[in-house]
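Asks: One structure, as structure tokens, below. Some questions next.
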Amino acid sequence: MRNIRTGRHDCFDRMVVDVPGAGRGDLGYSVRYVDTLHQDGSGRPVPVAGGAVLEVRVTAPSYAAETGEPTYPARATRPLPGVDLTGYRTFRDARFGGSFEGETQVGLGVRARLPFRVLELQDRLVIDVAHNWTGSR
């Protein structure tokens, strides 16, 4: 995993996880609402602001498997580097859970348990969270 970025759209907020080398259909992932984000390995709770928390798991490490060197400069329980959610309608917080045994975990704080979709594209995973329950502006 190399980067996580976000964007605002008319009807939804978007998070993109860049995973170079992942072919379409090759990337393992899980995205679901959780009551509390618990860090893999330690089990410690990770505080994520918002009315609801989406746990995003990607079966790609945030480090080079051969050397252990970081490929994504995040720190466990801290906000995602380079992600500024000021002005977003749905997103409230984005925290790095960690990377443990080849799997990376992120907590995405949202306004409420709104509808979301996940798209798996070449080299990236896309998570869109609607601004409301009807999908309209």
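Asks: Quick one: which residue in ALA74, ALA22 is under 21 Å from VAL126 (Cβ atoms), out of contact with any Pro (no Cβ under 8 Å at 6 or more places or on another chain) and part of a loop (DSSP other than H, G, I, E, B)? Don't jump to the end; show me each part of the working.
Replies: Working: ALA74 fails: out of contact with any Pro (no Cβ under 8 Å at 6 or more places or on another chain).
Only one candidate qualifies: ALA22.
Asks: Sticking with this structure for a sec: State which residue is farthest from LEU54 (Cα to Cα) when the search covers only segment 84-137 and only residues that are at pLDDT below 95 and aromatic (Phe, Trp, Tyr).
Replies: So the residue we want is PHE100.
Asks: Here is a follow-up. From LEU54, LEU27, grab the single residue that is surrounded by 12 or more Cβ atoms within 10 Å (Cβ to Cβ) and within 13 Å of the chain's Cα centre (by Cα). Give the steps one after another, and end with the answer.
Replies: Values: LEU27 fails: within 13 Å of the chain's Cα centre (by Cα).
After applying the criteria, what remains is LEU54.
Asks: Let me ask you something else. Which residue pairs have Cβ atoms closer than 7 Å, lie 6 or more positions apart in sequence or on different chains, and pair a first residue in segment 60-73 that is closer than 12 Å to PHE100 by Cα with a second residue that is not in a loop (DSSP other than H, G, I, E, B)?
Replies: The qualifying pairs are ALA60/THR104; PRO61/SER99; PRO61/THR104; SER62/PRO70; SER62/SER99; SER62/THR104; TYR63/PRO70; TYR63/SER99.
Asks: Run down VAL48, VAL19 and say which single residue is modelled with pLDDT of 95 or more and on the phi < 0 side of the Ramachandran plot.
Replies: Answer to the check: VAL48.
Asks: State which residue pairs qualify: first residue part of a loop (DSSP other than H, G, I, E, B) and inside segment 36-57, second residue aliphatic (A, V, I, L, M) and surrounded by fewer than 18 Cβ atoms within 10 Å (Cβ to Cβ) in any location, beta carbons under 6 Å apart, and separation of 6 or more residues or different chains.
Replies: If the second residue must be aliphatic (A, V, I, L, M) and surrounded by fewer than 18 Cβ atoms within 10 Å (Cβ to Cβ), the pairs left are GLY51/ALA112.
The values are calculated or read from the model by the stated rules, or taken from the named source; none is laboratory data. Since the structure is predicted, the reported quantities are computational estimates derived from the model, not experimental observations. Quick reminder, even Gly has a Cβ in these numbers, built from the backbone with ideal geometry, and neighbours come from all protein chains shown.
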